[in-house]
């Protein structure tokens, strides 16, 4: 395991973010908003406590809330959606009134031609070498795009299809080896609020990246996990390959509020 660290920073200057816009005189315009960035590698205990506090101390488990936070892990996903590419884009925001409250968390994935996989084998069913690379942070199951290493999520009012926003969002990643491979990009509509890099955690260890915008609204998050898609025969740099393979575990975000 890599040496554990925990960092929290507050950024406001445009040039501290990737993807800053410039005008014809090479002066920065459209400065990026203030953001509190919480990141850690190895032991995530302090970082997660800090980020949960930013999002809201109350963990919501039923619809109808306007404050507090939501969390997603993958361990309650039923067997028919496990170890295959059948995970529904709306699994964590089912608008059916008869759906259980655990399926009403306000998180909706944009398919964009992608499918999604929840896995209990550390993805060894895809390639046996992955068992030595990935660990689950909580429980036994982790998450990845099936035919892309990029996943996009939007927010809805829990239990409804009403578009919503959050102020902060964070992800636990497994096996980040390259400091430039794994990022979160936040959007308010089509406007990027910035790209943020997850720290290196290393094989069989974890990295956390969470970003909170005190004065902004986030309607979409683009998650880039590693720099290549999981596939048979594709090896991580720790297993003789040339790319950084990364999977996801727990998600954290504040209560989605109607736009």
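The values are calculated or read from the model by the stated rules, or taken from the named source; none is laboratory data. Just so it is clear, the structure is predicted and the values come from calculations on it, not from any experiment. Because the Cβ atoms are built from the backbone with ideal geometry, glycine has one as well, and the counts that use them run over all protein chains shown.
Any residue in the stretch 123-134 that is out of contact with any helix residue (DSSP H, G or I) (no Cβ under 7 Å at 6 or more places or on another chain) and under 30 Å from residue 53 (Cα atoms)?
yes
Conditions first: (1) over 18 Å from residue 143 (Cα atoms); (2) at pLDDT below 95. Residue 202 passes all but one, so which condition is the exception?
Unmet for residue 202, out of (1) over 18 Å from residue 143 (Cα atoms); (2) at pLDDT below 95: (1).
Which condition does residue 15 not pass, out of (1) more than 18 Å from residue 215 (Cβ to Cβ); (2) in a helix (DSSP H, G or I); (3) at pLDDT 95 or above, if it passes all the others?
(3)
Condition first: touching a residue at least 40 places away in the same chain (Cβ under 8 Å), within 23 Å of residue 41 (Cα to Cα), more than 20 Å from the chain's Cα centre (by Cα) and surrounded by 18 or more Cβ atoms within 10 Å (Cβ to Cβ). Can you find one or more residues in the stretch 118-128 that meet it?
Looking for residues that are touching a residue at least 40 places away in the same chain (Cβ under 8 Å), within 23 Å of residue 41 (Cα to Cα), more than 20 Å from the chain's Cα centre (by Cα) and surrounded by 18 or more Cβ atoms within 10 Å (Cβ to Cβ), one finds none in the stretch 118-128, hence no.
Can you tell me which residue is nearest to the chain's Cα centre (by Cα) among those in the stretch 141-157 that are in a loop (DSSP other than H, G, I, E, B) and within 22 Å of residue 218 (Cα to Cα)?
In this case the residue turns out to be 149.
Restricting the search to the stretch 207-259, which residues are under 22 Å from residue 84 (Cβ atoms) and either surrounded by fewer than 22 Cβ atoms within 10 Å (Cβ to Cβ) or within 9 Å of the chain's Cα centre (by Cα) (or both)?
223, 225, 228, 229, 231, 232, 233, 234, 248, 249, 250, 251 - these are the residues of the stretch 207-259 that are under 22 Å from residue 84 (Cβ atoms) and either surrounded by fewer than 22 Cβ atoms within 10 Å (Cβ to Cβ) or within 9 Å of the chain's Cα centre (by Cα) (or both).
Can you pull out the residues in the stretch 55-99 that are assigned to a loop (DSSP other than H, G, I, E, B), out of contact with any helix residue (DSSP H, G or I) (no Cβ under 8 Å at 6 or more places or on another chain) and under 22 Å from residue 229 (Cβ atoms)?
The answer is 74, 77, 83, 85, 89.
Restricting attention to the stretch 58-78, report how many residues are closer than 16 Å to residue 252 by Cα and without any contact (Cβ under 8 Å) to a residue 12 or more places away in the chain.
1
Residues of the stretch 131-140 being more than 15 Å from the chain's Cα centre (by Cα) and part of a loop (DSSP other than H, G, I, E, B), which ones?
133, 134, 135, 139, 140
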